[in-house]
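Asks: Sending over a structure as structure tokens; questions will come in a sec.
Laboratory data are not the source of any read-out in this text; all were calculated from the coordinates shown. Bear in mind the structure is a predicted one, so any value in this text is a computation, not a measurement. Neighbour counts run over all protein chains shown; Cβ positions are idealised from the backbone, glycine included.
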Amino acid sequence: MPNTSSAKKALKQSQTKASRNRRFNALYKETLKAFQKAVVSGSADASDLLAKLYSRVDTLVKKNILHINNGSRKKSRFAKMLKSVSTKA
């Protein structure tokens, strides 16, 4: 338990940020699973889901949940995944 008022405030801030991060990460993971499912099944809406996934990653970067380079790397890998499936078909 925090003893000082600044430690109490820091704990409260930490809990608030953790809650926010969990919410945004859950949205990202939900979109990622839908995208992967669409890619595997060869669904036509995979490109729409890719745009939505890009938006989710950009939000995580903007909120400092992901580093900008990490976000760029993820987006590149998603595009590569979609391209590899579309060239096979």
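Asks: Arrange MET81, MET1 by Cβ neighbour counts within 10 Å, fewest through most, would you? Write out the running numbers ahead of the final one.
Replies: Working: MET81 16, MET1 5.
The most exposed by this proxy come first: MET1, MET81.
Asks: Cross-link list LYS29/LYS80; LYS52/LYS74; LYS8/LYS62; LYS12/LYS63; LYS29/LYS75: which exceed 25 angstrom alpha carbon to alpha carbon?
Replies: Check vs 25 Å cut-off fails for LYS8/LYS62.
Asks: Which loop-located trypsin sites (Lys or Arg not before Pro) does region 6-74 contain, where loop means any DSSP state but H, G, I, E or B and the Cβ has at most 14 other Cβ atoms within 10 Å?
Replies: Those that pass, being in a loop and sparsely packed, are LYS63.
Asks: Ok, one more. Report, ordered by chain and residue number, the lysines lying within cross-link reach of LYS9, taken as a straight Cα distance under 18 Å and ignoring same-chain residues fewer than 8 apart.
Replies: LYS17
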